[in-house]
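To start, the structure under review is shown below, and the notes come after it.
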Ligand code: GLU
């Protein structure tokens, strides 16, 4: 495989998609050696087929705001690859959403879902609609308008959307309600639904919980005690919330959370029910700021700064892609960080990720660390298909096992000759091998 040639061709064919190219480059560099040991991959043009989504839907979303004015946003669904199962992946509503973002997320999702051990293909969707400052009614009308177009392309065995940045249980509920009205079926189709209408126990917590299960397994693998470690988390949304709660439960101390306005440092730890609930309150306020936390709990607030300048043992980017750059990585390493685990998708820039690996810092990529979210979504699909509900304990046990299996795969494929476990390489190879074998098994199509 000639990685640089493939990347050059992709760049020429799809100009202006830097996030997508970044995600492809990372995977191809990791799998190059193993790819060359399998002539059947080259013969079947697996990589050339994998870097193009099966199809992309782009559509206009007209809706009416509270003032009665017509607003227009762009909607997308990228059905990336269904070699392993129905397209599966979240929906992002954020002003930065464009095709490059969604192609990168769909590409990542394909490998992440393969790694999950469950039967899911990869997809992603969303819109450049920003929920910030919108009323609940506006959000509902927008979700309904989005689904009015999307419903034609999705289904329980075809493509199953869920949440992502800007899309939580409330938005999934609004989308699913309209989907049911249009299709007259109650087959699930969306995951992350309310518990009263088919949602799974633990789905809201699962991404953050799964991430901490993974970090805990990483600690065990390296004979490190997770208990007592200080942790910096970025973001204050659903993922940050779940990670903060589970890290606290397992005895670590989360001292930072952040927002677009800056970060807070709470030396006492973000470790009480009141503080966890306040994170939800901040998120639901729709203002996208974290500063009020500092005022309420007497913590420090650093305007316009990122939490990576703080001395901590474990860093968990939980907000958005490329939120931790080389400069941040250097600060963390200078301050003696032990583990960096991406909980957001591609939370680190390529340079930052390479720097961690070069310095032999334990570094785990998003597609392994945040896999608990989509895995719990698949557990929701199973419950819906079988018309049953599992208890919180049952879901948690399954989630635990899935994260353990992902960790084992990363170690199997990522162990370097010097004993360093390259989790990036391990996750990419394990995910790729499964997708590649599934594609070959189903012929050229
Ligand atoms: N958006 C989440 C992810 O990036 C969850 C996707 C899902 O549950 O389908 O994996």
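A short reminder: the numbers here are calculations on the coordinates, not readings from a lab. All values derive from a computational prediction rather than experimental measurement. With ideal geometry, Cβ positions are generated from the backbone for all residues, glycine too; neighbour counts draw on all protein chains shown.
When the square roots of the Cα gyration tensor eigenvalues are ordered a ≥ b ≥ c, the ratio a/c for region 74-165 is 1.5 or more and a/b exceeds b/c, which makes its shape prolate.
Which whole-number percent gives the relative contact order of region 107-166, counting Cα pairs below 8 Å spaced six or more residues apart?
27
Over the C-alpha trace of region 320-373, radius of gyration and Dmax come out as 10.3, 32 angstrom. With all pairs of separate Cα atoms included, region 134-185 yields a Kirkwood hydrodynamic radius of 11.2 Å. In summary, region 353-419 shows an alpha-carbon radius of gyration equal to 1.46 times the 2.2 N^0.38 Å reference for compact globular proteins.
So for the chain: antiparallel DSSP bridges make up what percent, rounded to the nearest 5? Don't skip to the end; give the middle numbers.
On the way: 27 of 46 bridges.
Antiparallel: roughly 60 percent of the beta bridges in the chain.
Shape analysis of region 1-137 places it in the prolate category; the axes a ≥ b ≥ c from the Cα gyration tensor give an a/c of at least 1.5, with a/b above b/c. Taking the fewest neighbouring Cβ atoms within 10 Å as the starting point, the ordered list for 404, 229 is 404, 229. For region 387-445, the Kirkwood hydrodynamic radius from C-alpha pairs, put into Stokes-Einstein at 4 °C and a viscosity of 1.567 mPa s, yields a diffusion coefficient of 95 µm² per second. Could you tell me which of rounded, prolate or oblate describes region 264-378, using a ≥ b ≥ c as the square roots of the eigenvalues of the alpha-carbon gyration tensor, with rounded for a/c under 1.5 and, failing that, prolate when a/b is larger than b/c and oblate otherwise? Here region 264-378 falls in the oblate category. Going by neighbour counts of Cβ atoms within 10 Å, the residues 72, 154 line up, fewest first, as 72, 154.
As a proxy for reagent exposure, ranking 143, 280 by other Cβ atoms within 10 Å from fewest up yields 280, 143.
Extension gain, residue 197 to residue 184, is 3.2 nm, computed as 0.36 nm per intervening residue step minus the present C-alpha separation. DSSP beta bridges fully contained in region 74-192 are about 55 percent antiparallel. Please report how far the C-alpha centroid of region 368-445 lies from that of region 144-223, rounded to the nearest whole angstrom. Centre-to-centre (Cα) distance: 17 Å. With the largest listed first and rounded to whole Å, the semi-axes of the equivalent ellipsoid of the chain from the Cα gyration tensor are 29, 29, 21.
Using equal-weight Cα scatterers in the Debye expression, the normalised intensity of region 183-325 in log10 at q = 0.09, 0.20 Å⁻¹ is -0.29, -1.19. Comparing 53, 131, 15 in a Gaussian network model of the chain where C-alpha atoms under 10 Å apart are linked, the largest mean-square fluctuation is found at 15.
Could I have the simple spin-label model distance between residue 360 and residue 389, label points 7 Å from Cα toward Cβ, reported in nm to one decimal? If labels sit at residue 360 and residue 389, their model points lie 5.2 nm apart.
Per residue of the chain, what 222 nm ellipticity follows from adding -39500 (n - 2.57) for every DSSP H run with n ≥ 4, rounded to the nearest 500?
Details: 17 runs with 218 residues, N = 445.
Counting only the DSSP helices, I get -15500 deg cm²/dmol.
Computed over region 124-213, the range of Cα coordinates on each principal axis works out to 38, 34, 24 Å, biggest value leading. Diffusion coefficient (Stokes-Einstein, Kirkwood radius over C-alpha pairs, 20 °C, 1.002 mPa s) for region 317-445: 131 µm²/s, rounded to a whole number. The relative contact order of the chain comes to 15 percent, based on Cα pairs under 8 Å that sit 6 or more residues apart.
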